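These notes concern the structure reproduced below.
The values are calculated or read from the model by the stated rules, or taken from the named source; none is laboratory data. Just so it is clear, the structure is predicted and the values come from calculations on it, not from any experiment. Neighbour counts are summed over all protein chains in view; Cβ atoms, including those assigned to glycine, are modelled from backbone coordinates with ideal geometry.
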Amino acid sequence: MHTTEVAPTQTSQLVSSFIRSLEGRNMSRLTLVAYETDIRQFFSWVQENDVTVSHPGQVTRSHIIEYLSYLADLGRSGVTRARKLAAVKAFFTYLVATGTLTNSPAAKVSIPKKEKKESVYLRVDEYMRLLSAAGGNPRDFCMLQVFLQTGVRVLELVSIDLSDIDLIGHKLRIHGKGNKERTIDLEKKGEAALRNYLAHRPTVATTRLFLNYEGTPISVRGVMKIVQKYARIAGTTKHFSCHSLRHTCGTYKAKMGFTGLQIKALFGHERAETSEIVI
């Protein structure tokens, strides 16, 4: 493969340049971080397994295939391997577009098959036990109720600001993927949970709705721990996550008669087909 001269120390700089080129594409910060992490992990593996590779132009299709096999041996799912390959493909495409390489070693690498996973959702008795377990904590109960009533993503939940809540108009503004906003209707139970939590929420400098014990915005990881905590207390045997609560919401909205287009609008999906997967 013909390449322009790239010093070993420039690989990291090329990755940084690629990430900067993506910043103008309306991608979320988390997406950019994921791309950079996946690409740097790939090159770390290459350096550990083939000392003859000193710059991207020496990476071959075989390196990429072997890396995917390595990930499979670690138990990484097809979805995860496909995501990591997509990041590597995008990086090499960028190097070709900028003239650093004449062709991409990843161009003809097949995308790993994504295993079809059965969506996990909670039955009515299961999510009622979950809510009951959190009943004594206004913040935690409110989080769970908002998840179940609105189907928001965990990142969207922690991003809710006080100004996003309209209790008079019974609306909640959500900051979704790609900096896209949507407004959803609050149901009575969700609104009641919000009112109760706001009455107990400490007065602090931040305007983020949900706070941790220090009075600062709670993190995605913090919310995940809370959900798992109440899953244990409720004695739920299913292995579920914050995203499972989103599936639960979608499932029951569908049973209530919501159409794919209505769930698409509620969940902030680009395509109605994605909503059908969620439910």
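In table form, for the structure just shown:
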{"read-out": "Residues (under 30 Å from residue 62 (Cα atoms) and touching a residue at least 60 places away in the same chain (Cβ under 8 Å)) located in the range 100-159", "value": "100, 101, 102, 103, 105"}
{"read-out": "Selection status of residue 220, among the aliphatic types (A, V, I, L, M) and in contact with a Gly (Cβ under 7 Å, 6 or more places away or on another chain)", "value": "no"}
{"read-out": "Per-region count, the range 54-67, residues modelled with pLDDT under 90 and within 13 Å of residue 41 (Cα to Cα)", "value": "0"}
{"read-out": "Hey, residue 97 of a type in the set (A, V, I, L, M) and either at pLDDT below 90 or closer than 30 Å to residue 155 by Cα (or both) or not", "value": "no"}
{"read-out": "Residue in the range 179-187 that is within 24 Å of residue 236 (Cβ to Cβ) and out of contact with any Pro (no Cβ under 6 Å at 6 or more places or on another chain) present", "value": "yes"}
{"read-out": "Residue tally, condition part of a helix (DSSP H, G or I), within 23 Å of residue 159 (Cα to Cα) and of a type outside the set (Gly, Ala, Ser), over the range 11-36", "value": "10"}
{"read-out": "Scope the range 150-205; condition β-branched (Val, Ile, Thr) and closer than 23 Å to residue 253 by Cα; matching residues", "value": "150, 152, 154, 158, 160, 165, 174, 183, 184"}
{"read-out": "Residue 102 of a type in the set (Val, Ile, Thr) and more than 19 Å from the chain's Cα centre (by Cα)", "value": "yes"}
{"read-out": "Subset of the range 221-240 [touching a residue at least 40 places away in the same chain (Cβ under 8 Å), surrounded by fewer than 16 Cβ atoms within 10 Å (Cβ to Cβ) and within 14 Å of the chain's Cα centre (by Cα)]", "value": "224"}
{"read-out": "In the range 154-170, the residues that are closer than 18 Å to residue 231 by Cα and either charged (D, E, K, R) or not in a helix (DSSP H, G or I) (or both)", "value": "none"}
{"read-out": "Residue 109, sole failed condition from (1) among the hydrophobic types (A, V, I, L, M, F, W, C); (2) within 24 Å of the chain's Cα centre (by Cα); (3) not assigned by TED's automatic domain parsing to the domain that holds residue 165", "value": "(2)"}
{"read-out": "Subset of the range 221-255 [modelled with pLDDT under 90 and among the β-branched types (Val, Ile, Thr)]", "value": "236, 237, 248, 251"}
{"read-out": "Verdict on residue 147 being buried (at least 16 other Cβ atoms within 10 Å of the Cβ) and over 21 Å from residue 262 (Cα atoms)", "value": "no"}
{"read-out": "Unmet requirement for residue 6, which otherwise passes all of (1) β-branched (Val, Ile, Thr); (2) modelled with pLDDT under 85; (3) out of contact with any Ser or Thr (no Cβ under 9 Å at 6 or more places or on another chain); (4) under 19 Å from residue 104 (Cβ atoms)", "value": "(3)"}
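For (1) exposed (fewer than 15 other Cβ atoms within 10 Å of the Cβ); (2) part of a helix (DSSP H, G or I), each residue gets a yes or a no:
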| residue | (1), (2) |
| --- | --- |
| 106 | no, no |
| 120 | yes, no |
| 131 | no, yes |
| 139 | no, yes |
| 172 | no, no |
| 189 | yes, yes |
| 194 | no, yes |
| 199 | yes, yes |
| 203 | yes, no |
